[in-house]
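Student: Below is a structure I'd like to ask you about.
The values are calculated or read from the model by the stated rules, or taken from the named source; none is laboratory data. This is a predicted model, so every value here is computed, not measured. Cβ coordinates were reconstructed from backbone atoms using ideal geometry, including for glycine residues, and neighbour counts include every protein chain displayed. With ligands, DNA and RNA removed, areas are computed over all heavy atoms of the protein, side chains included. Shrake-Rupley method; radii C 1.70, N 1.55, O 1.52, S 1.80 Å.
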Amino acid sequence: MVDEKPGAQGAPLGVVLVHGAPDRARSFNATVRELTGYTVTTYDRRGYGQRAGHPPKPTGDIFEHADDLIAMLDGTPTPVVGHSFGGIVAMAASVKAPELIPALGLWEPPLVWTSWWPDSRMQEATARMAESRDVFKLGELYTRAAMGEAAWQALPAAQRSGYRAEDASLHADMRSILREPFALSSVPSPIVVGCGSGGKDGYDDVARQLASFLSAELFEVAGAPHLVHVAQPHTFAHLVRRTVSLGSHSLNTDRSP
């Protein structure tokens, strides 16, 4: 499913938002409402939401997701903002088609293959999910842990079934980042890396390391959680606006005589 919210005539450059794992495009709805005047495109990644019946390869290939994103851009240079795993998809697409992505916005991408995590818990958790034999319980277990048992039980039965249908996709996504899928040094600029300090899993530490490594702009918001697009859509919208601004400047510079 692709959802494009067109801005007014003369609106700023459009932007594409890429969701994480597991997640769906609709989690950006509150952010999109904050982006009045912008042309915003969201979509369900392969294997999630409306595309749950079309999972990625079981072996995991980040460039399969990158190719989907590149195809959606349809030859039009457009800034891309990725949340969590969506940031890795966005980086992979920019490595493969740098001419189509004039700016990247990344919120706490889970770079589990790096040595930047403060401890080994994230790598170990990702490996457990990637190696799970019961892939059809994976999405349920992950989601129940993330939202809490009470919230999970409060979900309608159809929504719980929807999360279970995404298990194989989450399994493939986790497999795709166990090892370095591309060289971070090959990710083109300009880039803005966002992070908060509202979590306990080290996402913010990794984001700061990434910003330093790429000489990228750091967008840090005290107290912002990893699921910032849901909990603080105004904060995530600010990251999107900054990314669009960088993209507009980059395109204008490229077109200068």
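Student: Rolling a 1.4 angstrom probe over the protein heavy atoms, how many square angstrom per residue are accessible across region 27-83?
Tutor: Per-residue value: 40 Å².
Student: Region 172-201: which trypsin sites (Lys or Arg not before Pro) are DSSP loop and have at most 13 other beta-carbon atoms within 10 angstrom?
Tutor: Hits after loop and neighbour filter: 179, 200.
Student: Work out the FRET efficiency for residue 213 and residue 119 from their Cβ-Cβ distance, taking R0 = 25 Å, and round it to the nearest 0.05.
Tutor: The formula returns an efficiency of 0.80 here.
Student: Please list 3J(HN,Hα) in residue order for region 105-112, calculated via the Karplus relation 6.51 cos²θ - 1.76 cosθ + 1.60 where θ = phi - 60°; whole Hz, with x for glycine and proline.
Tutor: For region 105-112, the Karplus-derived couplings read x, 10, 10, 6, x, x, 7, 5 Hz, x marking Gly and Pro.
Student: Starting from the Cα of residue 182, move 7 Å in the Cα-to-Cβ direction to define the label point; list residues of region 93-113 whose amide nitrogen is under 14 Å from there.
Tutor: Answer for this model: 93-106.
Student: Could you check the spin-label model distance between residue 151 and residue 197? Points 7 Å from the Cα along Cα→Cβ, value in nm.
Tutor: About 2.3 nm separates the two model spin labels.
Student: Give the carbon-plus-sulfur fraction of the accessible surface of region 17-113 in %, rounded to a whole number; probe 1.4 Å, heavy atoms of protein chains only.
Tutor: 48
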